[in-house]
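J.: Mind looking over this structure? Questions follow.
The values are calculated or read from the model by the stated rules, or taken from the named source; none is laboratory data. Since the model is a prediction, treat every value here as computed from it, not as a measurement. Every residue, glycine among them, receives a Cβ derived from its backbone with ideal geometry; neighbour counts consider all protein chains shown. Calculation scope for accessible area: heavy atoms of the full protein, side chains included, ligands and nucleic acids excluded. Shrake-Rupley method; radii C 1.70, N 1.55, O 1.52, S 1.80 Å.
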Amino acid sequence: IGSTNQVLTVTAGLPAWEDAGSLTHNVAVQFACGTETTAIGATGQVLSFRMPFAMTLNAGIAGVKGSLVTAGTGALLTVDINESSSTILSTKLTFDASETTTLSAATPVVISDVNLAADAIITVDIDQLDGGGVAAGLKITLMGSLA
């Protein structure tokens, strides 16, 4: 039996007791920024919500990614994420032409603010539409650990 506030874990294949407070609690928050089939029609804010908990994002594409149901054509679709009106990205999410994920973007996302506060207002903005105006079904995923 472990001590008070300890949990049973497995380390190198063997059971071990650890302090519950020292464990990392990985989480992901995913949200849709429109309908599955309607093309993103304009630049500007497409979503606003409050963070349900404090979160520390993983770095780069392990911390923020985007996906589309329908890929755009032509110019890059560019997306920004803001916490309390300030961007959290120094290099924004981009979808290359004919791609449905930001994981394969020629220019990967760079996160400048990995610390998201509980109850902070998060907004998602479209900074640039795809050249063909057909990109649809935008979803954003934030990945990290509880802060």
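J.: All but one of (1) of a type outside the set (A, V, I, L, M, F, W, C); (2) surrounded by fewer than 10 Cβ atoms within 10 Å (Cβ to Cβ); (3) over 20 Å from residue 146 (Cβ atoms); (4) under 26 Å from the mean Cα position of the chain (by Cα) hold for residue 24; state the number of the condition that does not hold.
T.: If we test residue 24 against (1) of a type outside the set (A, V, I, L, M, F, W, C); (2) surrounded by fewer than 10 Cβ atoms within 10 Å (Cβ to Cβ); (3) over 20 Å from residue 146 (Cβ atoms); (4) under 26 Å from the mean Cα position of the chain (by Cα), just (3) comes out false.
J.: Continuing with this model, one more query. Just checking, does segment 25-33 include any residue being farther than 19 Å from residue 128 by Cβ, part of a loop (DSSP other than H, G, I, E, B) and in contact with a strand residue (DSSP E or B) (Cβ under 7 Å, 6 or more places away or on another chain)?
T.: yes
J.: Between a residue in segment 116-127 that is of a type in the set (S, T, N, Q) and any residue that is open to solvent by 50 Å² or more (accessible area, probe 1.4 Å) and assigned to a loop (DSSP other than H, G, I, E, B), which pairs come within a Cβ distance under 8 Å, given they are 6 or more apart or on different chains?
T.: Between residues of segment 116-127 that are of a type in the set (S, T, N, Q) and residues that are open to solvent by 50 Å² or more (accessible area, probe 1.4 Å) and assigned to a loop (DSSP other than H, G, I, E, B), the close pairs are 123/85.
J.: Here is a further query. Kindly indicate which of 37, 4 is part of a loop (DSSP other than H, G, I, E, B) and under 14 Å from residue 138 (Cα atoms).
T.: Values: 4 fails: under 14 Å from residue 138 (Cα atoms).
Every option except 37 fails the conditions.
J.: Please state which one of 130, 119 is modelled with pLDDT of 95 or more, farther than 17 Å from residue 27 by Cα and more than 11 Å from the chain's Cα centre (by Cα).
T.: The unique qualifying residue is 130.
J.: State the number of residues belonging to segment 14-24 that are under 29 Å from residue 141 (Cα atoms) and part of a strand (DSSP E or B).
T.: Residues flagged as under 29 Å from residue 141 (Cα atoms) and part of a strand (DSSP E or B) within segment 14-24 amount to 0.
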